[in-house]
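Below is one structure, written out as structure tokens; comments come after it.
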Amino acid sequence: MTALATLTIFFAPGLLIVSVFARQPKAGLTLAEQLYVAFAGSLLVSGWIGLLLAELGHFSAVNVAAVDAVVVVIGAIAVRKRIRLEAGGFHRGEFIVPAAILAFASVVYFPPFEHILGGRDPGIYVNAGFHLAREGTLVYVDPVIESLPVEARPLVFPDKELPPWSYERFQGFRLEHPDTARVSPHGLHLYPVWIGMASSLFQMKSGLWVTPYFAILGVLGLFFALNRLFGLEPAAWAAGLLTVFEIQIWFARFPNSEVVVQFLFTFGLLCFFFMNEQRSSLAGSLAGFAFASTFLARFETVLFAIPIAIFLGWKRIRRELGRPEIAFVLIFALVSTHAVVHDRLFAWPYVSSILGRHYWRFIGDNIVVLAAVGLLLFFAADRLVIKVPPRVLDAIESPAVRLGSALGLFAVALYAYFVRPVWHGARTAPHDAEAFFRMGWYLYPAGMALVTAGFMGLVVRAKRAQAFFVLIALTFSFFFFYKVRVWHDHYFAMRRFIPVVLPAFFSGIGVFIGTFRSVAGSLVKWGARAVAAGLLLVYLAAGARLWRHNEFRGSLAFVEDLARHIGDDDIVFFPRQEGLHLLELPLAHLEGRNVLEFYTLKPDRALLERLLASWRSRYQDVYFVTNYKISLSGLFTRHVKDFWLATEKYEYAYTRPPRGPEPFHLRFTLSKAVDLEDLARRVPPLERLDVGGSDDLQVAWFHEKELEEDGTTYRWSQRTSSIFLPQVGAETRALTLRMAAPKEDDTPLYPVDVAIDGQSIASIEPTRSYATYELAIPPRDARTYAILTLTTQTWRPSRALAGASDVRDLGVRLDWVDLR
């Protein structure tokens, strides 16, 4: 079933598309293009069907394959007279270059990074895909939130009413309201659908492998599109440079929706060429489908509407619109309407947050009015410009206008690279002002110069077939080099340039190198090629440092190990933020465990105990993930295991490119809540509890047992440590502790607050040697157990002692506890 579903999803729709193309001699595909379109067309159709099913709550790979099969069968019947299975022409260069790209990418783009941790967009996207594979729906009702009693909500949410979708279920997963328990993942969802598709077809972690496949398809699509637009050599240089470029390598392995947009852009560009030059209505439909599908992956792709409107508007003015353009507009409008519906019903928390930003707020507040005004202006302008005399139109395309535009482009590039980084308005963020300059960190000044020269040449000499590509490149470049709209650490900031700008820039270099083919003299031709080859080697060397890096290596195995300690019918609490929250998403959506997050680092103990009592029939066990910063106020728990994730990530750099990986650590303790009544029945009363001995099973929030040189067994306390005392009753009058502070003179001495069931009974100033401290116990009721709590400030040996490597946060040494 999996094999059949895979073949159907990845090949069936595309094979039907290719077979129809074969009946159109003018739009005939070569054999290499047929192979690419068969795969790319299938991804285009199957991804959209998968998103529809996810919106309807019936997503699964098998369901997608079934709908695909129905669509293909109905389509084949409808166009049965136009189907012809025939191989296209063979061109050696069209196979050599893609083969080289595939060979390089197969080695370098894999394996994908193990970026399953939450906290940023990548973790949100992949875990939304994992959730889709498990549950089959995008916006879902969370059963864990439903199980949370109203009176216990202050443990998890702010103790005040918030607007809808302002509550946070996980970081990046918005909650409509605790009453409805409806959750929506961050962002648009075409990319998570493909993660869910792969996870559903194979195994859960297979969803990570989607990213490099789309990155490869994006590069291949650029080659095939540029091969049609500019010829083989410019296409080969552009695709080759993009393939080995370090930013492309990073985002080919780093989960991000931009790689899907890159694929849709390049595939749409290829189809647009066949629509425009070969007059293929099928190609027009596919191009409209591809460009509108970008609206389902990234919000800023609305920028595609600008060059589309300009290009088609120009053709309308020149009376050149035909059936292919109408097919493009119809499909583009249909899928765009779907994108609007998706934004409102399934991604509104994300979309509304964008429209609510100060630079979008006017549009967000008046979107309906602006849409109506836009339509009126469109029809009014259409009536006016259709009457423009042909001589005026020819003047716009004149060599003088083109040369002036090229010089203007050169002036803008000089300003963006040399002037704007040091001279800009006070309200302009440095990463916006320096965006074009910072691109030079990676392309280097030589690359930036070649890009500028290439686009100046395109503006002067571009044919009508190439005009649409130039419009897209300039639209996205002007926008993103003016406003990056992103966290400004690198490489993360560079993801904005992955979909269009980087492919366009390398296309400019390829075109510039390719123009020397028409220049007389082999020395000039081969000199230009030598420059391109040198640039290729420089980019190859710069990207080589990423080949062996694996972001968050070992995260998959670590989360799997953590999940093994937590059952399907258990629930686990995480502290808010503190780094540990990064594990919540994969534990919940990759491993399918029940997860909640405390709203504060000091949750109310009485409220927590009442919640645990109400959950006894709902969950089997309740676990806590904690570190030294969170306090459970003496709640008694049983230690399960100490965890330590030791991995690496690339550094976050702001004023320079990142130089390499750096260590990344997460340390925490997994503990389990204990039923004290049950524990009191099972633990025998002891006059003296030897802490660190064989009978200290009723201690909590202490470090592991240790042994002094004289044979004394003890444990280091933490900031708040607890001991369950089963024999404390009304007749108990005194408590004796034997403890010591750290023995090294360079370490601090802190007082220890001693409390019984939350009531402070003494403050002890421990010495560096062991001493006994006898404390009076206040009168109590007849209950026969109590929780003894020790609270103190902690110190870390690695900071306080020269040469020490111990990174634990230590309090005092406790030897024994005696009750009389």
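The values are calculated or read from the model by the stated rules, or taken from the named source; none is laboratory data. In this text, all values refer to a predicted model and were calculated from it rather than measured experimentally. In this analysis, Cβ positions are derived from the backbone assuming ideal geometry, glycine residues included, and neighbour counts consider all displayed protein chains. For the accessible areas, the whole protein counts, side chains as well, though only heavy atoms, and no ligand, DNA or RNA atoms are used. Shrake-Rupley method; radii C 1.70, N 1.55, O 1.52, S 1.80 Å.
Overview of values
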item: Distance histogram in 5 Å bins (all Cα pairs of the stretch 571-652, percent per bin); result: 3, 12, 22, 26, 19, 11, 3, 2, 1, 0
item: Apportionment of accessible area to carbon and sulfur, the stretch 117-213, percent (1.4 Å); result: 49 percent
item: Relative contact order computed over the stretch 619-672 (Cα-Cα under 8 Å; 6+ residues apart), in percent; result: 50 percent
item: Descending principal axes extents, the stretch 589-711, alpha-carbon based, whole Å; result: 63, 48, 26
item: FRET E, pair Ser617, Gln759, Förster distance 25 Å, beta-carbon r, rounded to 0.05; result: 0.20
item: Gyration tensor verdict on the stretch 136-234 (Cα atoms; rounded if a/c is under 1.5, prolate if a/b is larger than b/c, oblate otherwise); result: prolate
item: Diffusion coefficient, µm² s⁻¹, Stokes-Einstein with Kirkwood Rh over alpha-carbon pairs of the stretch 503-577 at 20 °C and 1.002 mPa s; result: 122 µm²/s
item: Amide H contacts under 5 Å for Tyr140, placed H, 5+ residues apart; result: Val183
item: For the stretch 403-548: Kirkwood Rh in Å [reciprocal of mean 1/r, alpha carbons]; result: 16.3 Å
item: 22 Å Cα-Cα reach of Lys81 towards lysines, excluding residues that sit fewer than 8 places from it in its own chain; result: Lys26
item: Whether the stretch 252-379 is rounded, prolate or oblate, judged on the alpha carbon gyration tensor where a/c under 1.5 counts as rounded; result: oblate
item: Cβ-derived FRET efficiency at R0 22 Å, Val150 paired with Lys629, nearest 0.05; result: 0.20
item: Per principal axis, descending, Cα span of the stretch 51-206 in whole Å; result: 71, 42, 26
item: Cross-link partners of Lys743 among lysines (Cα-Cα below 18 Å; sequence separation of 8 or more within a chain); result: Lys705
item: Simple spin-label estimate for Trp441 and Trp209 in nanometres, 7 Å along Cα-Cβ; result: 3.3 nm
item: Calculated FRET value between Arg796 and Ile396, using beta carbons and R₀ = 60 Å, to 0.05; result: 0.30
item: Label-point separation, His639 to Ala100 (7 Å along Cα→Cβ), nm; result: 6.0 nm
item: Aspartates and glutamates with Cα under 12 Å of Lys649, excluding same-chain neighbours fewer than 8 positions away; result: Glu114, Glu551, Glu662
item: The stretch 224-237 - phi-based ³J(HN,Hα) in whole Hz, Karplus 6.51/-1.76/1.60, Gly and Pro as x; result: 5, 5, 5, 4, 6, 7, 10, x, 5, 5, x, 5, 5, 5
item: Full-extension gain in nm, Val531 to Lys81, via 0.36 nm per residue minus C-alpha separation; result: 156.9 nm
item: With all protein chains modelled, accessible area of Tyr654 [1.4 Å, Å²]; result: 100 Å²
item: Where only alpha carbons of the stretch 307-349 are counted, the Rg and the Dmax (Å); result: 13.8, 43
item: 1.4 Å probe accessible area per residue over the chain, in Å²; result: 42 Å²
item: Tail beyond 24 Å, pair distance distribution of the stretch 339-465 (Cα, percent); result: 61 percent
item: Extended-chain gain in nm, criterion 0.36 nm per residue less alpha-carbon gap, Lys743 and Val107; result: 223.5 nm
item: Sequence of Met456, Met448 from largest to smallest accessible area, 1.4 Å probe; result: Met456, Met448
item: Test item: Cα-centred dipole of the chain, Lys/Arg +1 and Asp/Glu -1 on Cβ, debye; result: 4440 debye
item: Isotropically averaged projected area of the stretch 9-72, using the convex hull of Cα atoms (one quarter of hull area), nm²; result: 4.1 nm²
item: Which label in (i) 118, 73, 43; (ii) 107, 56, 49; (iii) 91, 72, 48 gives the computed Cα extents along the principal axes in Å; result: (ii)
item: Across Lys205/Lys602; Lys463/Lys525; Lys602/Lys672; Lys160/Lys205, pairs whose alpha-carbon gap is larger than 29 Å; result: Lys205/Lys602; Lys160/Lys205
item: Gain on full stretching of the segment that runs from Leu334 to Arg279 - 0.36 nm per residue minus C-alpha separation; result: 17.7 nm
item: Label-to-label distance, nm, for residues given as Lys463 and Ala380 (7 Å Cα→Cβ offset); result: 3.9 nm
